[in-house]
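No lab work stands behind these numbers, since they all come straight from the coordinates. Because the structure is predicted, anything quoted here is derived from the model rather than measured. Positions of Cβ are generated from backbone atoms using ideal geometry, with glycine treated the same way; all protein chains shown enter the neighbour counts.
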Amino acid sequence: MRFVHTADWQIGKPFVRFGDKAEAFRAARLDAVEAIGRLAVAEGAAHVLVAGDVFDSDSPANVTLRAPVERMRGFSAVIWHLLPGNHDAHRPGGPWERLCALGLPANVVVHLSAEPVALGGHAVLLPAPLTSRHETRDLTARMDEAATPPGTIRIGLAHGAVTRFGTPGDDGEAANQIDPGRAEKAGLDYLALGDWHRTREIGPRTWYAGTPEPDRHDSQTVGTALLVTVPQAGAPPTVEPRHVGTYRWAAETLDLADADTLAAREALLRTAHDPVSKLVLKLKIGGALSIAARRALDEWLERLQASVFHLDAALALAIRPDAADLERIDFDGVLRRVAETLKARAADPALTAAERQTAEDALLALYLEATA
Amino acid sequence: MIITHLAVEGVGRFRSRHVLRGLDTGLNLLCAPNEAGKSTLFRALHLALFARHGSKTEEMRRLGSLGAELPACVEVGFKRGGADYLVKKSFLRSTGAKLYKNGTLVADGRAADEAVWTALDLTPGTSAAEEAAFGLLWVRQGQSFRPAEPDEGTRALLSRVIEAEVGEVLGGERGERVLRRVADRLAEDETARGQPKAGGPWKAALDRRAEAERTLAELRRTLDALEADRTALTDKLRERALLADPAETARQKADRDAALAERDAGARAEQAAQQAGTEEAQRELAADRARKRHEELVGLDQRIARTREKIAALTRRAAEQSAAKDAQAARLAAQEQAFGALATRLAEAERAVDRARRRETAARDAERVAEISARLVRARELREHIARIRQLITTLAVPADAVKAIETAMQALDAARARAEAKAPRVRVTIGPAGAGRVTCAGEAVDGTRDIAAVAPVTVAVGDLATVEIVPAASDDAAAIEGAREQLARALREAGVASLAEAHERRARAADLQTEGRGLAAELAATAPVPGPGPAKGGKEDGIALLEKALAEAQAGLETGSDSGAPLPDRDTLARERAAAEAARDRLRREHADAQSAVLAARSEAEAETLRLQALQLDLADMQTRLGEDLAVCPDDRRAERLVSLAAEAAQARAAFDAATRRAAELRAAVPTADQRTALDARVRRLTQAIDGRERRLAEVERDIANLQGRIATRGGEGLGEREAETADALALAETEVAAIERRLAALRLLRDAVTESRRAARDSYLAPVKTAMRPYLHALFPGADAALDASFAIDGLTRAGADEPFVSLSDGTREQVAIIVRLALGRLLAERGQAVPVLLDDSLVFSDDDRIERMFDVLTQAAEKQQVIVLTCRSRAFLSCGGRALTIERDDA
């Protein structure tokens, strides 16, 4: 049996902080659905299992509810199995009731209870839908008791955090816990999990699919879905991660002492993230630069911003004006004395970091004004 | 530079050649009246140094003498850089210019104009050089009170000399431009007070943030409400499942029916018990009535027997009481007889006391008649004595006015005599040894020396050798003395005395008599006092009259008290007699009172005995009435049989009652207790309400579910979650934007403040030499004051006693003085740095008072130690104390 395992679509995520690029990010998430559909068709997978968080919130607009369904409708040979996650938990009046009320195509199945569902003649899906945002029980425990005919492939579908897994701050870590040994305990051939945005293997039969289109820099670089093949009941599954996302999300750190290394760093970036036009780059820049070097950095960043899809540069740079900087401000007189004063202030340990930063900013502003 | 020579010809009022003589270093003072040509000389000097000789400015045209056909010629001599220069210029007509240096012509014509400027370090202009420091230090008439405002050239010159010394550079245009740019950039975002500026990026970002916060809060409230609705819906669904359970409904109904059946059985038992209770009560009533009838007859029988016993006892007590009543009546009669005898004796004793008291009063009246008679005699004697003294005082008295007139006349006589003696020639006779006893003067022998005044002719005889008569000169003094004597004699006559001593003696005697009279009057007042607070008119007569009246009254009383006219014994005897009579009477009074009390007590007791007898008689009658009534109810002969039959009836009724009581108790035991009934009622009520409430509640829950589902559907369809996420993103974006703007503004503010502070520090340092030069002058005029200058050396104001005073707010005089001081200071600054320019003041210090002008002279004198100072003034008198070198305008015909 072959199916595609995916999760964490989070349709409807706004991306407002990206300004006019927000719409592109929103569209990319829907494009990922189509990419998954294409993958399933291409690989002969009859089922796509979506392990929760189809929607970003539990009160999306109707058009948001309809949008992925309409994408799935176009792949009539594929049956899409949708599971409520913590973002879109199934609750009275929630998105799933509304979605059902809106009407679903025949190839879209919503699993709102823990009832086992047959996947063809040889496999059974054991869903564990979340009915609240924070579930304190391990809902996959029911799978242990779920009876299936002998020789049937048992596939679990759940959303939550595997115990003692993940890093602080991840969604679902404190609640919605799942026993990492569930696949063995429940005799599952495969446990398809969602919640963790990075693709991750927990065990030979237990995987997180990861998000098909990343939405932040601390998840994976490019969106992924898993192509899973289970030859027969009890046989180990074959799991193949496949890229289905549009944008690459990368985070880099630069520690600068001068502007001379910028060209080399740019070349590395272009090689690692080709094409950079789809790169969503977060740059954390530290170190200390002269004012002139800082000006060069600004120009470099400006050019980089024009190259990549989105650039988020966080500068934690210290300004260390050299003699040339100060002379460019003035050789003598009021402006030179102001520059000296600001320089001393920026290095004064008695001041707070914020005050020193303000002095650096003022020095930079002076430089720009004096050399304009 | 020192101006050493100035000559004009054809200039203003100076048609012929005139020379300003006396110019040299230090303070030069030209005092000349109005229209003497001072300002003309100022203009001529100015044009000769700064103007091109060929130009035709309005000022130059005004320089020429009115109607003159000749050119206006000006010669100026000056020293600079160790050289002597002489400039000769002709204006308007036959123009020309020559410059001599150390007596040698060094330039001619237009070159001479520019050579002068070169010598003075002036920048050439089209028609004239830029005046530079001269424009600042040469003050025309009427301009001295304006603040010193150096022009560009002067500022440049001052800056050169100062910067050379302090090494400060203001930063020029670049500093100003940066400051202006920073201010402009700040002004895009904030107001002058640092508040967000409407329409600016900062305000817009803050507004966006506030709007995002508001929208987010609103969305979250709606989401909270949605969450609450969902929770409520879950609860309602769970409740509906419970309420709609049919097994539970059937169980509740079965319970209710069982409880109802149990309650009905209890009600029936209670009804039967109530009927048995009624039967029991009826039986009890019948038994009670039978028992009472029997008990009443037994009671009647017993009462008849007790009544008969009481009648017998009362009959005995009535007889005893009648005897006691008679005995008490006999005791009362005896006591009333004794009381009558005591009353007769008491009346006699009362009369005896009255007699004794009248006799005692008569004796006291006799004594008073004697005492009043004696006082009346003494009073009459005193009255006569007082009358005699008054008569004597009248005879002796000399009025004080008369004595005063005598004394005045005597003083006038003494004064007339003294004047005569003073005017009279002094006759002094001194006897020599041989003349002893031989010389007489005014008829008296002279022994030793005699000195008299010759008021009247005095004769000095020297033995028989000679007689010398000294006759005083005729005068009015003798007549004055005679007049005084007559006046004295008249005064004595009118006073009736022979001399002033007699007058005084008689007044003393009269005073003694008045003292004696006052003593007698006091004695009379004591003897015959006058009642009332003060003596009335004729008080003494009144006192005596009162005594006479009292005497008459006492005599009348005496006659009344003497009953028989027989003489009375003494007062003590009479008192003893009265006391004995009173004692006898008091004794009888006590006995009489006792007897009266005894009669009253006996009378009360007799009445009480009578009342007691009457009460016994009434009780006896009452008992007999009762006995009659009881016997009428049931006579003695029928009572025994009746008692037996009633006892049998009572026993039968009691047995029937006991049987009914047992039956009722049995039925009551089967009735549920009150608690049981209450519990049963409550159970029935609860089960009924539960069944009804369940149905009602189910309907409500169905309605609530429908409402909640509708509301959730509406809210959920709004896309709240997406909007909340979008707004949270927008808020984060706005916060980032605000933080970036505020960081930028903080940097710009810091930069602005740093540039401003640096410029201020530079300016302070830069202006320090000017202030140093100015300080001695300023303190000479305004001790302790400081002047505020701006970077262009213009004065902003004064600081005195810690208070800042803008220049424009100072008085005219002070402004003029300060303006001159600033010019002198700038001049001194230049002079001390080798750039000396003379200070030229035309008609200045016109607003200064006397004190200030004196101090300004000190300042000018101080300034003149460093540079040449030329003062032109028309106020000759005010400038008398100015000192300095006096200049004169002289015609030069040479």
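Going through the cross-link list B:56/B:88; A:13/A:278; B:89/B:866, which pairs have a Cα-Cα distance over 22 Å in this structure?
Details: B:56/B:88 17 Å; A:13/A:278 19 Å; B:89/B:866 29 Å.
B:89/B:866, as the Cα separations exceed 22 Å there.
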Requested in this report: Would you order B:751, A:227 from fewest to most other beta-carbon atoms within 10 Å of each residue's own beta-carbon?
Outcome: A:227, B:751
Query raised in the report: In 10 Å bins starting at 0, how do the alpha-carbon pair distances of the stretch A:2-243 split up by percent?
Result: 8, 36, 39, 16, 1, 0
Report task. Report the antiparallel proportion of the DSSP beta bridges in chain A as a percent, rounded to a multiple of 5. Result -> 25
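I need B:616, A:368 ordered by Cβ neighbour count within 10 Å, fewest first. Could the numbers behind the result be given before it?
Numbers: B:616 19, A:368 15.
Listed from fewest to most nearby Cβ atoms, that is A:368, B:616.
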**Report entry** Among A:271, A:261, A:232 - extreme Cα towards positive end, dipole of the stretch A:219-299, charges at beta-carbon
**Finding:** A:232
Query raised in the report: What angle do you read, to the nearest 10 degrees and between 0 and 90, between the alpha-carbon axis of helix A:262-272 and the longest principal axis of chain A?
Result: 10
Query - Efficiency of FRET from Cβ geometry, residue B:743 and residue A:258, R₀ 22 Å, rounded to 0.05 - result: 0.35
Report summary line: Given 25 °C, 0.890 mPa s and a Kirkwood radius over Cα pairs, the Stokes-Einstein diffusion coefficient of chain B in µm²/s is 47
Report summary line: Amide H contacts under 5 Å for residue A:110, restricted to residues at least 5 apart in sequence or on another chain and with H modeled in the peptide plane, are A:82
**Report entry** Cα-derived Rg to Rh of the protein assembly as shown, Kirkwood definition
**Finding:** 1.40
Report summary line: Share of Cα-Cα pairs in the stretch B:425-471 beyond 14 Å, whole percent, is 39
Query raised in the report: For the stretch B:377-445, what Kirkwood radius comes out of the mean inverse Cα-Cα distance, in Å?
Result: 18.1
Query - Test item: Cα-centred dipole of the stretch B:425-471, Lys/Arg +1 and Asp/Glu -1 on Cβ, debye - result: 120
Report task. For the stretch B:633-647, take each phi angle, set θ = phi - 60°, evaluate the Karplus expression 6.51 cos²θ - 1.76 cosθ + 1.60, and give the result in whole Hz per residue in order, putting x for glycine and proline. Result -> 5, 9, x, 4, 6, 10, 6, 5, 4, 5, 4, 5, 5, 5, 5
Report summary line: CD proxy, 222 nm, chain B: helix-only mean residue ellipticity via -39,500 (n - 2.57) per DSSP H run with n ≥ 4, per residue, nearest 500, stands at -24000 deg cm²/dmol
**Report entry** Whole-Hz couplings from phi, Karplus 6.51/-1.76/1.60, listed for the stretch A:221-231; x for Gly and Pro
**Finding:** 5, 9, x, 9, 10, 10, 9, 10, 10, 10, x
**Report entry** Student exercise, chain A dipole from Lys, Arg, Asp, Glu Cβ charges, in Debye to nearest 20
**Finding:** 860
Query raised in the report: To the nearest whole percent, what portion of all C-alpha pairs in the stretch B:396-522 is separated by more than 19 angstrom?
Result: 64
Query - Cα-derived Rg to Rh of the stretch B:695-786, Kirkwood definition - result: 1.72
Requested in this report: Provide the percentage of antiparallel DSSP beta bridges, counting only those with both residues in the stretch A:217-321; round to the nearest 5.
Outcome: 25
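Partner chain Cβ atoms within 10 Å, averaged over the residues of A:57-69 - can you pull that number for me?
Partner-chain Cβ atoms within 10 Å, mean over residues of A:57-69: 5.
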Report summary line: The set of residues whose placed amide H lies less than 5 Å from the amide H of residue B:427, leaving out same-chain residues fewer than 5 positions away, is B:452, B:453, B:454
Report summary line: Going from the fewest other Cβ atoms within 10 Å to the most, one would list B:756, A:140 as B:756, A:140
Query raised in the report: To the nearest 0.05, how large is the calculated FRET efficiency for residue B:580 and residue B:368 if R₀ is 25 Å and r is the Cβ-Cβ distance?
Result: 0.45
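Between residue B:394 and residue B:629, what length comes free when the chain is fully extended (0.36 nm per residue of separation minus the Cα-Cα distance, one decimal in nm)?
Difference between extended and current length: 72.2 nm.
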Requested in this report: For residue B:249 paired with residue B:876, estimate the spin-label separation in nm (one decimal), with each label point 7 Å from Cα along the Cα-to-Cβ line.
Outcome: 13.6
Query raised in the report: Taking 0.36 nm per residue of separation and subtracting the Cα-Cα distance, what length does fully extending residue B:803 through residue B:518 add?
Result: 93.7 nm
**Report entry** Anchor residue B:79: aspartates and glutamates whose Cα lies under 14 Å away (excluding residues fewer than 8 positions away in-chain)
**Finding:** B:24, B:121
